[in-house]
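The values are calculated or read from the model by the stated rules, or taken from the named source; none is laboratory data. What you see is a predicted model; the values in this text were computed from it and never measured. When we count neighbours, we look across all protein chains shown, and the Cβ atoms used for this are built from the backbone with ideal geometry, even at glycine. We work out accessible area using only protein heavy atoms, side chains counted, and drop any ligands, DNA or RNA first. Shrake-Rupley method; radii C 1.70, N 1.55, O 1.52, S 1.80 Å.
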Amino acid sequence: MTAALQLVDAAAIARDARRLVRVPSITGDERVAATEVVAIAREHGLDAELVEFDLGAMRAAAGYPGEEAPRTDLVGAIVTLRGTDPAAPRLCLNGHVDVVRAGTEPWQRDPWSGEIADGAVHGRGAADMKGGVAAALHALAALHGAGAVLRGDVVLQAVPSEEDGGLGTFAALQRDDRFAACLIPEPTELAIVCAHGGALTFTGIVRGRTAHAALRLEGVSAIDRYLPVHVALHAHERTINARPRHPLMADHPLPYPLLVGQLQAGRWSSQVPEELRFEGRLGVPVGESLDEARTGLERAVAQAADDLGPPVEIAWTGGQFAPGETAVDDRWVRLVRNAAAAELGAPPALVGVGYGADMRQFCRRGIPCVLFGPRGLRLAHAVDERVAIADLAALARIIVRCALAFDRR
């Protein structure tokens, strides 16, 4: 173990994280980033391949998780550290290479520069989660360079489409899901995430009847019809979060938010609006199915709607993030926690989070999975995103410890 740990090079991890950040792989356009992962892996002597998944087949497959970004292909990278026994338990590392847009708010540095400064790698995706992907790559490189002999394979899936539903991980697992455990190095503030909530996106349409503003009473305003629906959605959010919570979510002020993020209504200021569209996100509690969550929101909307027009239409669009959970006393959780404690000097906290993640796709297949990664979560999707290089080096060493302990268990 010592030899592999000593081969983890913080400066080299930073340089490779920078290479990935410099590729603006916004969700739907990840091919170049996946190609760069393959190039970096091969430079370190690792077995790597670029995988073009069958997009049409994935969209038609049972369990399709939805998507929101336009795309014409679905491309990922698979990096494998080969074991000696094809029948031995295999370990998966999973990370996404797609990122959200830089936005219009000004950054202190070019968001695509990958600049290395002040002990951090800066830029969009540095924390979420190209830094984690680079750390995982270097953990495999250190094991390979030290000549570690493992019984089972350790496989890194560098996937697209996590941000809009998880189609990349879905495709990767459709191709190969023979894993005994998985670690996803998302930014978790050096805590181990054992449970996460789900999220569903929805679109609603409220219809009214148009009329000239001077004859307002002859029309039915879709905006007026929407107002009690909005109040009902707030009440539904309170109901969801008032229920008994998963122990790891107990201290969250609002673990399962329900947000209406977009409204569109009206054609002209002197015309009664005959249609209003609203789009939002529904948080799904740990332990609740997506069907239960959909039914609950649809019922709340139906009960709030008046009878001045047709029923409010609800459509479930975009990504479908189910909740996910791995038991805190699972053998894999204990192994990761021990490996992290050996590196950090104390056992990390076991936590739950309210956001969706690809973890649930492993849990659904009975594969124990946790999220564990560097600090920087609050900067994910925000301006001036960055990740500490020291955290990435520590993460790489923890992954080395996990792989070796996993192989000995």
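So here's what we get for this one:
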quantity	calculated
Calculated FRET value between Asp177 and Arg267, using beta carbons and R₀ = 45 Å, to 0.05	0.35
Radius of gyration, Dmax [segment 221-364; alpha carbons; angstrom]	20.0, 68
Label zone at Asp224 (point 7 Å along Cα-to-Cβ), backbone N below 17 Å, segment 166-206	206
Cut-off 17 Å, label 7 Å out along Cα→Cβ of Thr203, residues of segment 261-289 by amide N	261-266, 275-282
Residue-normalised accessible area of segment 124-250, given per residue in Å² at a 1.4 Å probe	32 Å²
Segment 290-409: radius of gyration over Cα atoms, expressed as a fraction of 2.2 N^0.38 Å	1.50
Sites Ala214 and Arg378, calculated FRET efficiency, Cβ-Cβ separation with R0 56 Å, nearest 0.05	0.65
Cys with no candidate disulfide partner in the chain (beta-carbon separation under 4.7 Å rule)	Cys194, Cys363, Cys402
Rounded to 10°, Cα long-axis angle of helix 222-242 versus longest principal axis of the chain	40 degrees
Rounded FRET efficiency, nearest 0.05, which uses the C-beta distance separating Arg15 from Asp329 and R0 of 56 Å	0.90
Principal-axis tilt of helix 389-408 within the chain, Cα atoms, nearest 10 degrees	70 degrees
Within the chain: Cβ-based charge dipole about Cα centre, in debye rounded to nearest 20 (Lys, Arg +1; Asp, Glu -1)	660 debye
Size of charge dipole - segment 156-261 - debye, nearest 20, with Cβ of Lys, Arg +1 and Asp, Glu -1, no other charges	580 debye
P(r) histogram, all alpha-carbon pairs of segment 24-150 included - 10 Å bins from 0, percent	11, 34, 33, 18, 3, 0
Kirkwood estimate for the chain, i.e. one over the average of 1/r between Cα atoms, Å	22.4 Å
Charge dipole (segment 321-391, unit charges on Cβ, about Cα centre) - positive-most of Thr326, Leu350, Phe372	Thr326
Convex hull volume per residue for segment 158-274, taking Cα atoms only, in Å³	176 Å³
Mean separation of Cα contacts under 8 Å, 6 or more apart, over the residue count of the chain: relative contact order %	25 percent
